[in-house]
Amino acid sequence: MLRATDTLFKSAYFQLSDTETQAVVNELANRQIPLSQVEDFLPCISAQSAVLMDLTADPTAYHIQLSATLTGPLEVPQLIQAWNAVSEQHAPLRSHFIELPGRQTPEFAQVVLRSCPTAWVVVDEPLSSLDAFLMENNQRGFCIKNHMVHNFVFPTMDTNVHILVLSLHHSLMDGLSLFTLLKLLLEAYHCPQLAVPPPAVTHAVLVDHVHHQVDPLQTQTFWINYLQDALPTPAPPSASNHVGVLGHTVYITKLDVSKEALYQFAERLGITVTTLLRAAYAVVLGRLLDQNEVTFKTFTSGRRLNLPAMDQTIGPCINMLPFRVRLGHSTIESWLLSLEETDTNLAQFEYTSPVDIFKWTAAASGKPPTETPYATEMGYDILPDSMGSNPTHNLKVSDVRFFELIKSNLVVDFFEKRSSIDPVVFYNTKLYTEASIDRMVGFIQHALVQIVNAPPNTTVNQIFLDGLTLDSTHTQPSP
């Protein structure tokens, strides 16, 4: 038995002992997965290990969902057949995860199966509330021992309209991949006679590139040097009299600053809008904490690798990496350019596991690895408003919505839509009120306005944020 598994489990990625290999074989048997069904045995990349570690503590962690309204005559068996055809070409949809035995810290492997039935629930009764269902389904969560995909089809009062919900764990793919997946699913549904084309970059090729094209020693050295002597950056304090109940929720609003103005400024300076938003957030965070530098976790797309068609890749590409910002007396323009350069330098290391970064930097500092010193997160997502329309398709798609409830102390995300940029803030209700989060977004907006309109030679320390506190009893500044 062990000899037959040597090639699979003792590859360039893993050097499992016979005892460890047998433990993996036993775990697969417990899940009723025959070895003949195992196509590949791969290491985790990017944030996979981190989100799987969180999953073992909280089944609802990193559950992502995409809903869409389908108008037209829907053949559900044909839709499921289309899903299976797409799944055959995309390994993440056929994957399980196993925690490897004998490790001091948790380490996971991705087990790709040759075929993997997906759970579909086809409901007879219309939903009373899609929002309520998405929240309820999020609370069901996933178990690492199961296949972490669960899809739903709901009717509506109109027999010609259905609601589709794709429900997966973040270890399989990121939010951007979900939109690509929906497009492929609809193409396969409307063209069942055509074979689904393989991706330009398979998941196995992506994993191999990350593990063999990126020098591990260079990666470790980069992160140790980058974060050397970085100040711990806790979550900013809220109102002193706030005593909340532990829970997590989301706050969504719109920026009063126009998307066009932000893009024009960024293009004139030669930076991205992401850098501009990070800068504004860093200023507010630094002032709230009275620190001259801050480090926060930032979402990276993972699509800047030198591989073809990365923008169409379905997989766990997005990562959460520390981003260090020094505040001081530099001119705003030179400071923004330095932040853009930092982001460019990070690109080649953006698939580094956050677990490894934390382990390396803790060891280099000589301090025991306790809770991560970077307690807030910031992201920027460009998500399509719609899937477009194909005149040859008899199903029309509308109201495509991405849903995730991130359970962190504070995550300031920005969703770029067709005509606006919308702040989406996930927060811990024990630490913050909606009013305090509203104030924080207001201060970020105020910082943005000043950065974009600053006269030449204005320095970072001259950005003025009057009454900067999250206590809602204070007056909010006007942009």
Does Gln15 count as over 24 Å from Cys143 (Cα atoms) and free of Cβ contacts under 8 Å to residues at least 60 places away in the same chain? yes
Determine which single condition Pro92 fails, assuming it passes every other condition in (1) in a helix (DSSP H, G or I); (2) in contact with a His (Cβ under 7 Å, 6 or more places away or on another chain); (3) more than 30 Å from Lys359 (Cβ to Cβ). (3)
Residues of region 181-226 being in a helix (DSSP H, G or I) and either among the polar types (S, T, N, Q) or at positive phi (or both), which ones? Gln218, Thr219, Gln220, Thr221, Asn225
Of (1) more than 30 Å from Pro43 (Cβ to Cβ); (2) modelled with pLDDT of 95 or more; (3) of a type outside the set (Ser, Thr, Tyr); (4) crowded, with 17+ Cβ neighbours inside 10 Å, Leu184 satisfies every one except (1)
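The rows are residues; the columns are (1) outside the structural domain of Asp40 (by TED's automatic domain parsing); (2) crowded, with 18+ Cβ neighbours inside 10 Å; (3) among the aromatic types (Phe, Trp, Tyr); (4) modelled with pLDDT under 95.
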residue: Val245; (1), (2), (3), (4): yes, no, no, yes
residue: Tyr263; (1), (2), (3), (4): yes, no, yes, no
residue: Ala282; (1), (2), (3), (4): yes, yes, no, no
residue: Glu293; (1), (2), (3), (4): yes, no, no, no
Any residue in region 37-52 that is surrounded by fewer than 21 Cβ atoms within 10 Å (Cβ to Cβ), in a strand (DSSP E or B), hydrophobic (A, V, I, L, M, F, W, C) and more than 26 Å from the chain's Cα centre (by Cα)? yes
Here is a list: Glu340, Glu350. Which entry is of a type in the set (Asp, Glu), touching a helix residue (DSSP H, G or I) at 6+ places or on another chain (Cβ under 6 Å) and either outside the structural domain of Phe426 (by TED's automatic domain parsing) or under 29 Å from Phe179 (Cβ atoms) (or both)? Glu340
Residue list for region 456-468, filter: surrounded by fewer than 19 Cβ atoms within 10 Å (Cβ to Cβ), in contact (Cβ under 8 Å) with a residue 60 or more places away in the chain and not in a helix (DSSP H, G or I): Pro456, Asn457, Thr458, Thr459, Leu465
If we only count strands (runs of 3 or more DSSP E) wholly inside region 378-455, which ones have 1 or more residues that are without any contact (Cβ under 8 Å) to a residue 40 or more places away in the chain and on the phi < 0 side of the Ramachandran plot? 410-416
Go through region 106-138 and give me each residue that's touching a helix residue (DSSP H, G or I) at 6+ places or on another chain (Cβ under 7 Å) and in a helix (DSSP H, G or I). none
Among the numbered criteria (1) within 17 Å of the chain's Cα centre (by Cα); (2) surrounded by fewer than 18 Cβ atoms within 10 Å (Cβ to Cβ); (3) modelled with pLDDT under 90, which one does Val355 miss? (2)
Any idea which residue in region 16-30 is surrounded by the fewest Cβ atoms within 10 Å (Cβ to Cβ), counting only those that are charged (D, E, K, R) and out of contact with any strand residue (DSSP E or B) (no Cβ under 7 Å at 6 or more places or on another chain)? Asp18
Residue count, region 54-68, condition surrounded by fewer than 20 Cβ atoms within 10 Å (Cβ to Cβ) and in contact with a helix residue (DSSP H, G or I) (Cβ under 7 Å, 6 or more places away or on another chain), comes to 1
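One line per residue, one yes/no per condition, for (1) exposed (fewer than 13 other Cβ atoms within 10 Å of the Cβ); (2) at pLDDT below 75:
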{"residue": "Ala363", "(1), (2)": "no, no"}
{"residue": "Gly379", "(1), (2)": "no, no"}
{"residue": "Leu383", "(1), (2)": "no, yes"}
{"residue": "Ser389", "(1), (2)": "yes, yes"}
{"residue": "Thr392", "(1), (2)": "yes, no"}
{"residue": "Ser398", "(1), (2)": "yes, no"}
{"residue": "Ile406", "(1), (2)": "no, no"}
{"residue": "Phe415", "(1), (2)": "no, no"}
{"residue": "Ile421", "(1), (2)": "no, no"}
Please go through region 304-347 and pick out each residue that is farther than 22 Å from Arg94 by Cα and either in a loop (DSSP other than H, G, I, E, B) or modelled with pLDDT under 90 (or both). Arg304, Leu305, Asn306, Leu307, Pro308, Leu327, Gly328, His329, Ser330
Select from region 227-238 the residues that are in contact (Cβ under 8 Å) with a residue 24 or more places away in the chain and either assigned to a strand (DSSP E or B) or out of contact with any helix residue (DSSP H, G or I) (no Cβ under 6 Å at 6 or more places or on another chain) (or both) and write down the one among them that is surrounded by the fewest Cβ atoms within 10 Å (Cβ to Cβ). Gln228
Is at least one residue of region 69-80 hydrophobic (A, V, I, L, M, F, W, C), out of contact with any helix residue (DSSP H, G or I) (no Cβ under 9 Å at 6 or more places or on another chain), outside the structural domain of Lys359 (by TED's automatic domain parsing) and free of Cβ contacts under 8 Å to residues at least 40 places away in the same chain? no
Of residues in region 52-68 being aliphatic (A, V, I, L, M) and modelled with pLDDT of 95 or more, the one farthest from Leu346 (Cα to Cα): Ala68
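The values are calculated or read from the model by the stated rules, or taken from the named source; none is laboratory data. Bear in mind the structure is a predicted one, so any value in this text is a computation, not a measurement. Cβ sites come from the backbone with ideal geometry, for glycine too, and all protein chains shown count toward neighbours.
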